[in-house]
Amino acid sequence: MAKRFLILLPLFSTILLLAVTVTESEAYSTTTPFQGYKPECFTHLHFYFHDVITGDKPTAIKVAEARPTNSLNVNFGVIMIADDPLTEGPDPSSKVVGRAQGMYASTAMKDIVFTMVFNLAFTEGEFNGSTLAMYGRNDIFSKVREMPIIGGTGAFRFARGYAQAKTYKIVGLDAVVEYNVFIWH
Ligand SMILES: *[C@@H]1O[C@H](CO)[C@@H](O)[C@H](O)[C@H]1NC(C)=O
């Protein structure tokens, strides 16, 4: 009998140790009954996105490309990092309302299609300090491209919605793109 107890002893101490660990550290997860979060607002944002690649003050830079990139003619494999200004009007000197910080990568072999991964960080008005996370497919030669808004911070917590991008102007490689963003938050 005593022998069997000795065999079980390490098991008991492990259980004890686990119990102590659980009570002493903060819980890994906490789940409470769902209170039924419902979006309270629907917001429409309208601004212009300026992607400047050329000149002495580019706001988007190429950080990587693959060996066959040039032979494919669609820049396949190129990765760009951008900190592009968002303005109220199409003119780059119009009021800046935020910045699009993130990256876009050429991810189609036959056309120029970008995978966009951006944080839209707003610096004006009631959304100053709030951000939106945009992730999606940007088929740049389509008239209107739609990309999901998959979340947000600050006033945009729990955000869900979509962005519609329309090319306003292209000068060389630099683009001005009109954005309409619709979100529940
Ligand atoms: C936006 O918020 C920052 C940080 O709180 C503040 O310094 C800045 O003045 C605000 N900008 C506007 C336009 O309200």
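The values are calculated or read from the model by the stated rules, or taken from the named source; none is laboratory data. Worth saying up front: this structure is predicted, and the values here are computed from it rather than measured. No Cβ is skipped: glycine too gets one built from the backbone with ideal geometry, and neighbour counts run over all protein chains shown. Accessible surface areas use protein heavy atoms only, side chains included; no ligands, DNA or RNA. Shrake-Rupley method; radii C 1.70, N 1.55, O 1.52, S 1.80 Å.
Excluding ligands, DNA and RNA, the accessible surface per residue across the chain is 67 Å² with a 1.4 Å probe.
Computed over the chain, the per-residue total of -39500 (n - 2.57) for DSSP H runs of n ≥ 4 gives a 222 nm mean residue ellipticity of -4500 deg cm²/dmol, rounded to 500. Put a dot 7 Å past the Cα of Gln164, heading toward its Cβ, do the same for Asp56, and the two dots end up 4.0 nm apart.
Estimate the FRET efficiency between Ala27 and Trp184 by the formula 1/(1 + (r/R0)^6), using the beta-carbon distance for r and 25 Å for R0, to the nearest 0.05. Plugging the Cβ-Cβ distance into 1/(1 + (r/R0)^6) gives 0.25. Shown here for the range 24-95: GluC sites (Glu not before Pro) in loop regions (DSSP other than H, G, I, E, B) with at most 12 other Cβ atoms within 10 Å, namely Glu26, Glu40.
Summing +1 for each Lys or Arg and -1 for each Asp or Glu among the other residues whose beta-carbon sits under 15 angstrom from that of Lys38 gives +1.
Surface composition of the chain: carbon and sulfur atoms hold 61% of the protein heavy-atom accessible area at a 1.4 Å probe.
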